[in-house]
Amino acid sequence: MDVSYHNYPDIAPTIGNYSRAARAGDMFFFAGTTAGGTDAEHGDLPSQVRATLDRIRRILEREGQSLGDVVRLVTYVTSIGEWRAHGATIGGIFEEFFQGRYPPNTLIGIAELAEPTMKVEIEATAVF
């Protein structure tokens, strides 16, 4: 099986020696994506969720695909309590981006992310 590795420095630059995404057959795997380097980087959790999903959407569009091709998400947050507190707002953001076609999403609370300003990181898997 052919595997290709992809980076998108203009959309979601990496901060280390890894690829933003990899395509293996009809599967497309995203590394954890954050709002780092965007206007939302120092913002609240909902603004970071929005910026992160927007990055994932833009990468998919660059590949000729859409968020409708996403089959799984893994979301890491530094505060489950903050996620709960903003649940209605975050739910609205997911509605806006996925328009009722919600992929499975595992939510994991963690102590911290790679950058101290980050509150959320999302991994995605898509099928083309």
Dipole of region 9-71, Cα-centred, from +1 at each Lys and Arg C-beta and -1 at each Asp and Glu C-beta, to the nearest 20 debye? 120
Rounded to the nearest 20 debye, dipole of the chain from Cβ charges on Lys, Arg, Asp, Glu: 180
For P(r) over Cα pairs in 10 Å bins from 0, in percent, calculated from these coordinates, the label among (i) 11, 27, 20, 18, 11, 6, 6, 1; (ii) 13, 47, 33, 6, 0; (iii) 11, 31, 17, 17, 17, 6: (ii)
Per-residue HN-Hα couplings for region 117-127 [Karplus 6.51, -1.76, 1.60; θ = phi - 60°; Hz; x = Gly/Pro]: 7, 7, 10, 8, 9, 10, 9, 9, 10, 10, 10
Given only helices, namely DSSP H runs of n ≥ 4 each adding -39500 (n - 2.57), what is the per-residue ellipticity at 222 nm of the chain, to the nearest 500 deg cm²/dmol? -8500 deg cm²/dmol
Could you tally the net charge around THR75, taking each other residue with its Cβ under 9 Å from the Cβ of THR75, Lys/Arg +1 and Asp/Glu -1? -2
On a 1.4 Å probe surface of the protein chains, which of THR75, THR34 comes out largest in accessible area, and what is the full order? THR34, THR75
Enter the angle in degrees (range 0 to 90, nearest 10) between the Cα long axis of helix 87-98 and the first principal axis of the Cα atoms of the chain, meaning the one along which they spread out most. 20
Less than 9 Å Cβ to Cβ from PHE28, Lys/Arg counted +1 and Asp/Glu -1: what total charge do the surrounding residues give? -2
When ligands, DNA and RNA are left out and all protein chains stay put, how many square angstrom of accessible area per residue does the chain have with a 1.4 Å probe? 52
Excluding ligands and nucleic acids, what accessible area in Å² is computed for LEU67 using a 1.4 Å probe, to the nearest 10? 10
How far is helix 45-62 tilted, in degrees, relative to the longest principal axis of the Cα atoms in the chain, given as a value from 0 to 90 rounded to the nearest 10? 10
How do ARG23, ARG84, ARG62 rank by accessible surface area computed with a 1.4 Å probe, from largest to smallest? ARG84, ARG62, ARG23
For region 17-69, what is the relative contact order in percent, using Cα pairs closer than 8 Å and at least 6 residues apart in sequence? 22
I need the calculated FRET efficiency for the pair ALA88 and THR117, taking r as the beta carbon distance and R₀ as 30 Å, to the nearest 0.05. 0.80
By accessible area of protein heavy atoms, probe 1.4 Å, what ranking do ASP44, ASP54 get, highest first? ASP44, ASP54
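The values are calculated or read from the model by the stated rules, or taken from the named source; none is laboratory data. It should be emphasised that the depicted structure is a prediction, and the values quoted were computed from it without experimental measurement. Please note: Cβ atoms are built from the backbone with ideal geometry, for glycine as well, and neighbour counts cover all protein chains shown. Ligands, DNA and RNA are excluded from the accessible area calculation, which covers all protein heavy atoms including side chains. Shrake-Rupley method; radii C 1.70, N 1.55, O 1.52, S 1.80 Å.
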